[in-house]
Each structure stands twice: as C-alpha cells, then as structure tokens.
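What follows is a short report on a single structure.
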Number of protein chains: 2
Amino acid sequence: MTFSQTLFTRAKFPDGKLRNVTMSGGRITAISTGGNDAGDGQEIIDLAGALLLPGFVEGHIHLDTSFYGGKWISHKPCTNGFDVHERVAFQRQNMAIAEPMDVRARKQLELCIAHGATIMRSHVMVDASVGLTSLETILKVREEYRNLIDIQLVAFPQSGILKSPGTADLMDAAIGLGADLVGGLDPASFDRDVEGHLNVVFGIAERRGVGVDIHLHDAGTLGVFTIEQICDRASALGMQGRVAVSHAYGLGDVSADMAKRTAEKLAGSGVSIMTNAPGAHSFPPVVLLRSAGVTVFSGSDNIRDSWWPYGDGDMLSRAMMIGYRSGFYTDEELEAAFDVVTAAGAKALGIEGYGLVEGAKADFVVLEAEHIPHAVVELPKQRSVYKGGKLVARDGNLI
Amino acid sequence: MTFSQTLFTRAKFPDGKLRNVTMSGGRITAISTGGNDAGDGQEIIDLAGALLLPGFVEGHIHLDTSFYGGKWISHKPCTNGFDVHERVAFQRQNMAIAEPMDVRARKQLELCIAHGATIMRSHVMVDASVGLTSLETILKVREEYRNLIDIQLVAFPQSGILKSPGTADLMDAAIGLGADLVGGLDPASFDRDVEGHLNVVFGIAERRGVGVDIHLHDAGTLGVFTIEQICDRASALGMQGRVAVSHAYGLGDVSADMAKRTAEKLAGSGVSIMTNAPGAHSFPPVVLLRSAGVTVFSGSDNIRDSWWPYGDGDMLSRAMMIGYRSGFYTDEELEAAFDVVTAAGAKALGIEGYGLVEGAKADFVVLEAEHIPHAVVELPKQRSVYKGGKLVARDGNLI
C-alpha cells in the first residue's frame, strides 16, 4: 500500500518533548504536540519516545579511495618521513589491486547511510593520471543512491594543480561533468605558489558559479597565512558561505590570540572549517572558532585507505571524537559536538531545508537515547534512518 | 548435559592459521592443527574460521563511581579551573543521588564483560568520608561475578593520604578486607609530600606483601621526578613487576630524551605504565616506552562519571583509541595497540596462565575479523566471550 503521507507519533525531540511529525512529499508538513493526527491514507509509525534527530551530515569523505569492506591492504609508511607524493604513488598502486572503484564506493556509501548520514560531501581525485575517470565512476554511483543520500562532489587535485600539468583544465571539465565544487591542496607546500594555486581554484569557481573546498594541511603560520588569503578571495568574490577549508591544522598550532584573529576573519568572510578531529595531530580549536561565529563542520575523511586504517562512517561517533579530542564534557559542549555533525554541517554545505522544522526535508535518524549528550557518548548502533520520509536503513543495514 | 571438555574447531589464531583448541577444567589442554579431535563427552563448537583472541584486560576502571546505565547526571565543570578537591566533592553529591553502588557496579561490569574483558583491575575509593563501605560493596559484587571475570581491587585514596587523616589506616584495613593492591594519588600536587606519601603506600605494600598502582596526573618534570622515586622504591623493595603508575601524563610532556631515560629506569625497575589515551591531554609515548621494555597497559578509566562523560567499556575500542591517539597506522603498530589491552595488560597485572597456549586459562573473545589489525579498526560488536571455557556473553549480552 502506498500512503500519501506518513505520521510519526511520540517522537522525542532534542528538547525532550514528545511531538507528532507529519511528512508528505519528502518534507515535514506539520509538527504538533496534540493527540492523534491520524487520517485516512496515512502511514503511522509510533516512535514510542525514541529520540528523533536530523539526518547526519558527512561533510568530508573520499568515496574513490577507500578499501572499506574489501581485501585488507596493509598500511606502508613513507620511507623518509611523510611525503604526499610518495603517499599518492602508494595510493595508485593500491587502487590497481583493490576492488573496482564503484564496488568500493558503494560499500563506503552504505556504511555511511546505515549510520545515519543523509547528506554527504565527497572529494574525488582529478589529476593527470586518473583524468576524469574517478569522477565519472562516482557520478554514476551518486545517481544510483540519489534516493538515499544527497551527495556533493568536489573536484580534488590530489597531485596539485600547478605541479600537475593539465589539472586546471581537468578540474574545469569536472565541474562541467557534474562536480559541485572546486577543490584545492596545500597551495604553499604542494604547489609552492599560493597565489597561482588560488588563482586557478577561485578562477574556476567564479566562472562556473560553484563553491570551493580546499584541503589545507599546512602547519602553523603558513597555514594561517593561506587561510587569510582564502578569506580575502571569498570576500572579494562575494562567495561568503560557499567556501570551506578542510583540516586547517595550522589553526591548532598557533597562539590562541592568532587563532582568534583568524577566526574573526573566517567568520567575516563566511569561510567554514572542516575538521575530523585527528588523533595524533593538532587541529582547529572548535570552541574558539564557534564562539567567533565560524561554521565548523566535520567528516570521516579517509576510511581505511592508503592514508590511514581508521574510520567507521558514523558521524555520531565522529561527534564523540570531536568532543573527546576537544575536552568537551558538559551537556552544552556535547550538544556543540553534535551540532558540528548536523546543523553546522548543513550550513557549511549550503543545504536548503535542513532540521526538525516544518518545511524541512524529512531526513531523520531515530535511536534510543535520553537526549543528544547521551547519544553522543552512548553511540547506539541500533538506528533507523529516514530519507525524504522513507525508511532507508535500520540497525546497520540498508532496507 | 554437562561435558567434561570442550573443543573449538576451526579457530583462526592471530597468525591466520586454523587450529582446534581443547579445554578442560577452565584451561586450554591442547591446541592442534589436526583433523577432528572429537571424542565422547566432549562439547564441540565449530568456530568456522572466526578469529580467536585472548580475553581482554581492563586494567584501570572505577567500579564504584560510574553512572553508566542509570540516570543521566550532567557534567559540571570546576568553578575556577580543574580542582581535584572540588571534583571529589561533586562526585560525593552525585553518589548521593545516583542508584545504589552495587547496581551501578553490576551494570558497568556487565558492559565490560559483554565487550570481552575477562580480567579487570578496579580502583575503589577509600577515604575518611566513605571509609571502607565502597570497598565492601565492590567486594560483594566481585564475588557475584567471580565465574565471569577476575577482578583485582586497588585501595584508592581519592582524597589523598596525608591530607585526609585516617586514610593510611583505612588503606591498610582495606588490604586486610580483600583489596589486592595499594593505590596512591599525586604525591606531590595533592599531598604536597612525595616521600611522605610514598612511605605510606610502599610501607603498607611491603608489610602486606601486595602490589602498588598509583594515580599520577602530575605534569612534566614533576611527574617524571615522582616516577623516578617510585622506580627507586620498587627496586629497593624487590617489587619489580608489581608496581604500576597510572596515567603518568608527565611522560607525554617532557622531551623524547628525558622520556627515554625515564623509560629505561621504568624498565629496569619493572614498573609498568597505564594509559587510557585521553583525548585532550598529553599522555605517555607508547612506542618509546615499549621499545625500552616498559610494560604499557590500558583501561577505560572513568566511564560516564563525575570526571567525564565518555567510555564504552570496550577494550578493543580502547586499543583503537590508543592507536588513533598515537598515530599507529601499520599492521605492526595496530598489533602493538592490541597487545596493550591483552598480553601486556596481563603482564602488568601479574596474571598467571594468560594467552592462546596450552595450559593457559580458557578465556577468549571470538569475533569475525581477518586478523588483529582488522579487528582493531573494525571493532565488531558481535562477539562471543568465554571465561574458563564457558560462554559468558554473546553479542553484547550476558548469557
């Protein structure tokens, strides 16, 4: 039987109140505290007090390079300290022996969806060696999963732009093909030319009318300088709200005073910061940034790939990790960690119609927890995930 | 039907080989690669290639103070920076409104057992305010669970020793009552008298013939100095292998050179180091310590209590956290993280008959994973836990 609308009864909202939620056409059409709103042609799902959360936002992942779910590929350290070029070469070898990319991307996507991600931003490698083939594969997989998750793709110059001839044209072509944003990679340490790199990135973004999301691992003041340059470009081009810096490790290295000044510049130019709360590396100060008005979002980043073996595709456990690494203990702090993987993520990605409000998309995660702080430390694996009002995953498996 | 012995067939050992394991009287009596060793009166369990691991060692927990499984108690920060005295007072308030201690201790124990812990060391608060009542409660609970998990208890002077009149006598009485080790707490920063504090701790330990496990949060060179003093006492009293320093944050603050010198002293005096790989704090360098021959073990420490809201009671996810925080990426490094929560833990706790060898106790965790590195990043929740050859938990629930 097909229903014209769905009604959740006794949904516990994050404020602890039980409400009924009516959905139709993939959107929330009504939220009420009243009695039974049931009518004919309506599917009724009694949530019996389970916690209703907005769908999670996986804001930074690499769908093309994970080995998750396939054969174990042992990590190999770089021969002489960390070297991105050597790592990219190792990745290329691994891609040749791993399962086909579409198979791997599906496994990773299903892992994320089953854990509650309803929105995702994935970087996809575009360079002279792979050309647009990875993007073509991931675009097809995106189409297959279009009813389960909304995916933004970033044309990611993993081998640099100026250092890798032809990449600028490929990135432009990638946008033409369907990528949603222009990526970048360490303009200073990789391409050795901050202005030259940003000229290409923002040139394509301006011409194509798309956003920007730049990988920036550069440490200390070099990282901060690059962030300032990115902010200036975002402001000059009127791209506030459409530019992100991923990782931004430098913000975790500098003094609180310098971090605060940079945070104010980020907030003023509407540039958001993505961190996955790495385990053994400095990372941006989440509270300081949020206090200054910066949108901080998060993602799994690599899941079991050539860069590291970790990752579970669960944005709730990512919220826990953000809290754990940031020293968040109070309810308010745990709620902030949750905000990073939900509403702040949606804001950073420019998502329309997000949240538990009338008119928003009916994307939800339902799980048993007292409230958000409890969910962030308890990490219940039993979850129901709804996309556009339809159940898409339950207890770790796609429907 | 009662069987005189149990046979696991097709158990995948950490080296990847399938073997049969025969158990009787709670011990491993035979390990073979041959065919079917089945005989009469023997229970046969086909593991069908699942990974057989030794039971996990939860080396540092607080059974008396967790709220896990009960009512949510919001964290409250100290009013003016971190203050142990204020925190202890907050804990006292919370204990008054939480469920009874035995109820809470059982919930925490069951969480740990269900995740695979077969050996545990718990600190239990002994001070002028609670006297020996917490210990009496936990001793009873230990007795209830004696067939499911082996528990060592440490008489823990949470309110200091010299600063809290009567505590020295209470700690001595605690050993008489059934506690297995003498604890301690920041001899310098808390009691303001390193020698005086250690005189009491090691005095009781020597007189009673028991081990020592001291909480040491003191930072930098003060922490290192205290470790040196503890090492000297351990050596002088011939207590090598029976003394542990928990947390030892100072080792994570000092130069690699100083850490190395201290590691050599720790190894020489047989003093082990416990770390839970905290999220927002420096912690001991695990590889450096292990390379020097120091036994590094781990524990959940607090699980959802007055000190912080985190913790899941899962020593496999603790191994992941140790690896994540230490930057462990290779198979060898992930195996080292696993060793910390298993064999190294058993060594630190002085456990006889540990491991997957003939004659050892038949304590196991069985789960689906390719090998140990895979298990440490995959963290399968579906597990069977065996204690003394008997199934005690499956898939998160006690049998």
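The values are calculated or read from the model by the stated rules, or taken from the named source; none is laboratory data. Every value quoted in this text rests on a predicted model; they were computed, and no experiment measured them. A quick note on method: Cβ atoms are made from the backbone with ideal geometry, for glycine too, and the neighbour counts reach across all protein chains shown.
Of the residues B:Val201, B:Val210, B:Val154, which is closer than 27 Å to B:Glu58 by Cβ, β-branched (Val, Ile, Thr), surrounded by fewer than 20 Cβ atoms within 10 Å (Cβ to Cβ) and without any contact (Cβ under 8 Å) to a residue 60 or more places away in the chain?
On the way: B:Val201 fails: surrounded by fewer than 20 Cβ atoms within 10 Å (Cβ to Cβ); B:Val154 fails: surrounded by fewer than 20 Cβ atoms within 10 Å (Cβ to Cβ).
Testing whether each residue is closer than 27 Å to B:Glu58 by Cβ, β-branched (Val, Ile, Thr), surrounded by fewer than 20 Cβ atoms within 10 Å (Cβ to Cβ) and without any contact (Cβ under 8 Å) to a residue 60 or more places away in the chain leaves just B:Val210.
What are the residues in the range A:282-329 that are under 21 Å from A:Val366 (Cβ atoms), among the small types (Gly, Ala, Ser) and part of a helix (DSSP H, G or I), if any? Even if it seems obvious, please write down each step before you answer.
Start the filter on the range A:282-329 by keeping residues that are under 21 Å from A:Val366 (Cβ atoms), which leaves A:312-320.
Those left that are additionally among the small types (Gly, Ala, Ser): A:313, A:317, A:319.
Within the range A:282-329, A:Ser317, A:Ala319 meet the criteria.
For the range A:306-321, which residues satisfy the criterion of being on the phi < 0 side of the Ramachandran plot and within 16 Å of the chain's Cα centre (by Cα)?
A:Asp312, A:Asp314, A:Met315, A:Leu316, A:Ser317, A:Arg318, A:Ala319, A:Met320, A:Met321 - these are the residues of the range A:306-321 that are on the phi < 0 side of the Ramachandran plot and within 16 Å of the chain's Cα centre (by Cα).
For every residue, the table says whether it meets (1) over 17 Å from the mean Cα position of the chain (by Cα); (2) buried (at least 18 other Cβ atoms within 10 Å of the Cβ); (3) outside the structural domain of A:Ser282 (by TED's automatic domain parsing).
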| residue | (1), (2), (3) |
| --- | --- |
| A:Ser300 | no, yes, no |
| A:Thr330 | yes, no, no |
| A:Val340 | no, yes, no |
| A:Glu358 | yes, no, yes |
| A:Ala393 | yes, yes, yes |
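Quick one: count up the residues across the range A:269-282 that are under 17 Å from the mean Cα position of the chain (by Cα) and farther than 20 Å from A:Phe56 by Cβ. Reasoning before the result, please.
Step one: filter the range A:269-282 for residues under 17 Å from the mean Cα position of the chain (by Cα), giving A:271-278.
This time we only want the ones that are farther than 20 Å from A:Phe56 by Cβ, so: A:271.
Residues meeting the conditions: 1.
Determine which member of the set B:Gly184, B:Gly270, B:Gly252, B:Gly279 is in contact with a Leu (Cβ under 8 Å, 6 or more places away or on another chain), assigned by TED's automatic domain parsing to the domain that holds B:Val84, among the small types (Gly, Ala, Ser) and at pLDDT 95 or above.
When all the criteria are applied, what remains is B:Gly184.
From (1) under 20 Å from B:Ala50 (Cα atoms); (2) touching a Phe, Trp or Tyr at 6+ places or on another chain (Cβ under 8 Å); (3) within 14 Å of chain A (Cβ to nearest Cβ); (4) charged (D, E, K, R), pick out the condition that doesn't hold for B:Arg325.
Exception for B:Arg325: condition (1).
Name the one entry in A:Ala105, A:Ala114 that is modelled with pLDDT of 95 or more and either farther than 23 Å from A:Pro157 by Cβ or within 14 Å of chain B (Cβ to nearest Cβ) (or both).
A:Ala114
Among (1) on the phi < 0 side of the Ramachandran plot; (2) buried (at least 24 other Cβ atoms within 10 Å of the Cβ); (3) among the aliphatic types (A, V, I, L, M), where does B:Ala248 come up short?
Among (1) on the phi < 0 side of the Ramachandran plot; (2) buried (at least 24 other Cβ atoms within 10 Å of the Cβ); (3) among the aliphatic types (A, V, I, L, M), B:Ala248 violates only (1).
Which ranges mark the strands (runs of 3 or more DSSP E) fully within the range A:7-102 that have 1 or more residues being away from chain B (no Cβ under 14 Å), surrounded by fewer than 21 Cβ atoms within 10 Å (Cβ to Cβ) and more than 29 Å from the chain's Cα centre (by Cα)? Steps first, answer last, please.
Values: elements: A:18-24, A:27-32, A:42-46, A:51-54, A:56-61.
Of the strands (runs of 3 or more DSSP E) lying wholly inside the range A:7-102, those with at least 1 residues that are away from chain B (no Cβ under 14 Å), surrounded by fewer than 21 Cβ atoms within 10 Å (Cβ to Cβ) and more than 29 Å from the chain's Cα centre (by Cα) span A:18-24, A:27-32, A:42-46.
When B:Leu266 is evaluated against the numbered criteria (1) within 15 Å of the chain's Cα centre (by Cα); (2) under 23 Å from B:Phe156 (Cα atoms); (3) of a type in the set (A, V, I, L, M), which criterion, by number, is the only one it fails?
For B:Leu266, the exception is condition (1).
Taking the range A:104-150 as the search range and keeping residues that are in contact with a Gly (Cβ under 9 Å, 6 or more places away or on another chain) and of a type in the set (Val, Ile, Thr), which one is surrounded by the most Cβ atoms within 10 Å (Cβ to Cβ)?
The extreme case among them is A:Val126.
Can you find even one residue in the range B:330-351 that is within 14 Å of chain A (Cβ to nearest Cβ) and in a loop (DSSP other than H, G, I, E, B)? Spell out the reasoning first.
The first filter runs over the range B:330-351 and keeps only residues within 14 Å of chain A (Cβ to nearest Cβ), leaving B:330-338.
Those still in the list that are in a loop (DSSP other than H, G, I, E, B) too: B:330.
Looking through the range B:330-351, at least one residue is within 14 Å of chain A (Cβ to nearest Cβ) and in a loop (DSSP other than H, G, I, E, B).
This table checks each residue for (1) over 22 Å from A:Pro157 (Cα atoms); (2) of a type in the set (Val, Ile, Thr); (3) in contact with an Asp or Glu (Cβ under 9 Å, 6 or more places away or on another chain).
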{"position": "A:Gly25", "(1), (2), (3)": "yes, no, no"}
{"position": "A:Gly41", "(1), (2), (3)": "yes, no, no"}
{"position": "A:Asp46", "(1), (2), (3)": "yes, no, no"}
{"position": "A:His62", "(1), (2), (3)": "no, no, yes"}
{"position": "A:Val84", "(1), (2), (3)": "no, yes, yes"}
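Please go through the range A:261-281 and give me each residue that is assigned to a helix (DSSP H, G or I) and buried (at least 16 other Cβ atoms within 10 Å of the Cβ), ordered by number.
Here is the first cut: in the range A:261-281, the residues assigned to a helix (DSSP H, G or I) are A:261-269.
Passing the criteria: A:Thr262, A:Ala263, A:Lys265, A:Leu266, A:Ala267, A:Ser269.
At pLDDT 95 or above and away from chain A (no Cβ under 14 Å): does that describe B:Ala362? First the steps, then the outcome.
Values: at pLDDT 95 or above: yes; away from chain A (no Cβ under 14 Å): yes.
The answer is yes for B:Ala362.
Could you say whether any residue in the range B:356-375 is in contact with a helix residue (DSSP H, G or I) (Cβ under 7 Å, 6 or more places away or on another chain), closer than 27 Å to A:Pro309 by Cβ and not aliphatic (A, V, I, L, M)? Write out each step before concluding.
Just the residues of the range B:356-375 that are in contact with a helix residue (DSSP H, G or I) (Cβ under 7 Å, 6 or more places away or on another chain), to begin with: B:367, B:369, B:372-373, B:375.
This time we only want the ones that are closer than 27 Å to A:Pro309 by Cβ, so: B:367, B:369, B:372-373, B:375.
Retained after the next criterion (residues that are not aliphatic (A, V, I, L, M)): B:373.
Yes: the range B:356-375 contains one or more residues that are in contact with a helix residue (DSSP H, G or I) (Cβ under 7 Å, 6 or more places away or on another chain), closer than 27 Å to A:Pro309 by Cβ and not aliphatic (A, V, I, L, M).
Of the conditions (1) among the hydrophobic types (A, V, I, L, M, F, W, C); (2) within 22 Å of A:Arg121 (Cβ to Cβ); (3) in contact with a Lys or Arg (Cβ under 8 Å, 6 or more places away or on another chain); (4) within 14 Å of chain B (Cβ to nearest Cβ), A:Ile303 fails just one. Which one is it?
(3)
Looking at A:Ala244, is it of a type in the set (Gly, Ala, Ser), modelled with pLDDT of 95 or more and over 23 Å from the mean Cα position of the chain (by Cα)?
Working: of a type in the set (Gly, Ala, Ser): yes; modelled with pLDDT of 95 or more: yes; over 23 Å from the mean Cα position of the chain (by Cα): no.
So A:Ala244 does not fit the description; no.
Quick check on this structure: which one of A:Val286, A:Val385, A:Val377 is away from every other protein chain (no Cβ under 12 Å) and crowded, with 20+ Cβ neighbours inside 10 Å? Talk me through it step by step, then tell me what you get.
On the way: A:Val286 fails: away from every other protein chain (no Cβ under 12 Å); A:Val377 fails: away from every other protein chain (no Cβ under 12 Å).
Only one candidate qualifies: A:Val385.
With (1) surrounded by 16 or more Cβ atoms within 10 Å (Cβ to Cβ); (2) over 23 Å from the mean Cα position of the chain (by Cα) as the list, and A:Asp232 as the residue in question, which single condition is left unmet?
Every listed condition holds for A:Asp232 apart from (1).
Would you check which residues across the range A:165-190 are hydroxyl-bearing (Ser, Thr, Tyr) and buried (at least 20 other Cβ atoms within 10 Å of the Cβ) and list them?
A:Thr167
For A:Asp253, are the conditions met, namely being acidic (Asp, Glu) and within 14 Å of chain B (Cβ to nearest Cβ)? Lay out the reasoning, then the answer.
Numbers: acidic (Asp, Glu): yes; within 14 Å of chain B (Cβ to nearest Cβ): no.
Against the criterion (acidic (Asp, Glu) and within 14 Å of chain B (Cβ to nearest Cβ)), A:Asp253 does not qualify.
Against the definition (outside the structural domain of A:Leu266 (by TED's automatic domain parsing) and aliphatic (A, V, I, L, M)), how does A:Leu288 come out, yes or no? Write out each step before concluding.
Details: outside the structural domain of A:Leu266 (by TED's automatic domain parsing): no; aliphatic (A, V, I, L, M): yes.
Considered against the rule, which asks whether it is outside the structural domain of A:Leu266 (by TED's automatic domain parsing) and aliphatic (A, V, I, L, M), A:Leu288 comes out as no.
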